[in-house]
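The values are calculated or read from the model by the stated rules, or taken from the named source; none is laboratory data. Keep in mind that this is a model prediction, so the values were computed, not measured. A quick note on method: Cβ atoms are made from the backbone with ideal geometry, for glycine too, and the neighbour counts reach across all protein chains shown. To get the accessible areas, we keep the full protein, side chains included, count just its heavy atoms, and leave off ligands, DNA and RNA. Shrake-Rupley method; radii C 1.70, N 1.55, O 1.52, S 1.80 Å.
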Amino acid sequence: MLGIFILLIISMLLVVKFCKKTLKIVLSIIIILVTLYCIVISIEINRVESFREPVFAIVKKEDDLTMKTIVYKGLGYEVRMVKDLTTDKIIQIEMYMFDKVIAGAIE
């Protein structure tokens, strides 16, 4: 993730140095939006790996008989969390992007 941030900073410097005014504004806005999205994803990955609920996602709940599965939908990603109903403790949490696990933790 650090490499992505370094590439984004380098691309911003190149845009400022070599592009004309209108192209500079458009590319700067795109680079800033990509940077913000990378920050959101890195925060969510950190929260998933430390057994905490996501911040930037909307809740969609699915309940089972003995376990409680909560699905959070974010912008381009999904977090699935399994809680034990007796102790209300997180047992398993996984983060998916393009239907592939990018972060997860199991107790």
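Listed by first and then second residue, the pairs linking a residue in the stretch 26-43 that is free of Cβ contacts under 8 Å to residues at least 40 places away in the same chain to a residue that is of a type in the set (G, A, S) and part of a helix (DSSP H, G or I), with Cβ atoms under 6 Å apart and 6 or more places separating them unless they lie on different chains, are I31/S11.
The number of residues in the stretch 47-72 being in a helix (DSSP H, G or I) and either at pLDDT below 90 or open to solvent by less than 90 Å² (accessible area, probe 1.4 Å) (or both) comes to 2.
Among the criteria (1) surrounded by 16 or more Cβ atoms within 10 Å (Cβ to Cβ); (2) part of a loop (DSSP other than H, G, I, E, B), the one T86 does not fulfil is (1).
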